[in-house]
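The values are calculated or read from the model by the stated rules, or taken from the named source; none is laboratory data. Being a predicted model, the structure only gives us computed values, none of them experimental. Positions of Cβ are backbone-derived with ideal geometry, glycine not excepted, and every protein chain shown enters the neighbour counts. When the accessible area is computed, the model is the full protein with side chains, heavy atoms only, and any ligands, DNA or RNA have been set aside. Shrake-Rupley method; radii C 1.70, N 1.55, O 1.52, S 1.80 Å.
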Amino acid sequence: QLFEASSCTYTYLLADRRSGDAVIIDPVLETVPRDLRLLRELGLTLRYAANTHCHADHVTGSGALRRALGCASAISRRSGARADLRLGEGDELRFGSF
């Protein structure tokens, strides 16, 4: 669990220790440098930048991570936002052994 104080936003990083695959949930644009540094320090490969809702700080954070690392972006189909993956109820993001 990571925190960005200005917007009072929590970002979550999930990783499979064995494969090094990772997913970041609700990244914030202002903390992308921190997130990139953390991924590098932990030796993780970001597979998805997922958003639980459509806020400009999250969507732009996902876009910045996507540009920097080539990961896929994901958001709910019902949000109306654009992303590589538009998810619906029951859809799963698979990474590593998860």
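For the chain, DSSP calls about 40 percent of its internal beta bridges antiparallel. In plain terms, the chain is cut at each of the GluC sites (Glu not before Pro) found in a DSSP loop with at most 14 other Cβ atoms within 10 Å, and the longest leftover piece is 1-88. For the chain, which whole-number percentage of the solvent-accessible area (1.4 Å probe, protein heavy atoms only) is attributable to carbon and sulfur atoms? Reported share for carbon and sulfur atoms: 50 percent.
Accessible surface computed residue by residue for the chain, with neighbouring protein chains in place and a 1.4 Å probe, gives 62 Å² per residue. Both radii come from the Cα set of the chain: Rg as radius of gyration, Rh as Kirkwood radius; their ratio Rg/Rh reads 0.94. Note on T60 and L42: the model spin-label points, each 7 Å out from Cα along the C-beta direction, lie 2.5 nm apart. When you filter the trypsin sites (Lys or Arg not before Pro) in the stretch 23-98 for DSSP loop state and at most 14 other Cβ atoms inside 10 Å of their Cβ, you are left with R82, R94. In the chain, helices alone account for a calculated mean residue ellipticity at 222 nm of -8000 deg cm²/dmol, with every DSSP H run of four or more residues adding -39,500 (n - 2.57).
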